[in-house]
1. How many residues does the stretch 110-152 hold that are in contact with a helix residue (DSSP H, G or I) (Cβ under 6 Å, 6 or more places away or on another chain) and over 14 Å from residue 81 (Cα atoms)?
2. Answer yes or no: is there a residue in the stretch 22-31 that is free of Cβ contacts under 8 Å to residues at least 60 places away in the same chain and closer than 21 Å to residue 127 by Cβ.
3. For residue 18, state whether it is modelled with pLDDT of 70 or more, outside any loop (DSSP other than H, G, I, E, B) and within 22 Å of residue 86 (Cα to Cα).
4. Filter the stretch 128-161 down to the residues that are under 14 Å from the mean Cα position of the chain (by Cα) and part of a loop (DSSP other than H, G, I, E, B), then identify the one that is surrounded by the most Cβ atoms within 10 Å (Cβ to Cβ).
5. Can you tell me which residues in the stretch 69-96 are loosely packed, with under 15 Cβ neighbours inside 10 Å and over 19 Å from residue 146 (Cα atoms)?
6. Can you find a residue that is under 29 Å from residue 100 (Cα atoms) and either in contact (Cβ under 8 Å) with a residue 40 or more places away in the chain or out of contact with any helix residue (DSSP H, G or I) (no Cβ under 7 Å at 6 or more places or on another chain) (or both) anywhere in the stretch 71-78?
7. What single numbered condition from (1) farther than 29 Å from residue 152 by Cβ; (2) in contact with a helix residue (DSSP H, G or I) (Cβ under 8 Å, 6 or more places away or on another chain); (3) at pLDDT 75 or above; (4) outside any loop (DSSP other than H, G, I, E, B) fails to hold for residue 67?
8. With the condition kept exactly as written, say whether any residue in the stretch 40-56 is farther than 26 Å from residue 141 by Cα, modelled with pLDDT of 90 or more and not in a strand (DSSP E or B).
């Protein structure tokens, strides 16, 4: 407890205020020895197949050794990107911890869903940020040939709280988070 009598908690999950009336489940571990907390999708979501987009024509042109213009490459890159699947959840933790977001092991094999960045990192200062209150999204890419329909409440990924270390000679950054997803880019 602090001097006001508030119970201080080390780490955990909350539903973001914008989705507080939507009956969203907090992430849970499924077994006693599970490291990860399973996250659910906060709403029905359709994850389109990447093969539906115009970038496929680039492969045809390259395969036939045809010239591909910069504009065609730009158009292909504009559509070939992951989707942000909402969870309605935010995570609080200690300043020397982060939440590692990982794919469910069954997603690539059974549903053809992958995290294009391999893992996600949610920093402690992402919690309650001004951009989106710290809502956690899973970046997913559907490499299957058909769209995947994700139902509200369906498990989409997992989060693992992890402590981290810093170097002895680090100059502590003075920059503060100014927004939500991707806000620390230069």
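The values are calculated or read from the model by the stated rules, or taken from the named source; none is laboratory data. Since this is a predicted model, take the numbers as computed values, not measurements. Backbone-built Cβ (ideal geometry, glycine too); neighbour counts: all protein chains shown.
1. Residues in the stretch 110-152 being in contact with a helix residue (DSSP H, G or I) (Cβ under 6 Å, 6 or more places away or on another chain) and over 14 Å from residue 81 (Cα atoms): 3 in total.
2. Yes, some residue in the stretch 22-31 is free of Cβ contacts under 8 Å to residues at least 60 places away in the same chain and closer than 21 Å to residue 127 by Cβ.
3. Judged against the criteria, residue 18 is a match.
4. So the residue we want is 136.
5. 69, 70, 71, 73, 74, 77, 78, 94, 95, 96 - these are the residues of the stretch 69-96 that are loosely packed, with under 15 Cβ neighbours inside 10 Å and over 19 Å from residue 146 (Cα atoms).
6. yes
7. Residue 67 satisfies every listed condition except (4).
8. no
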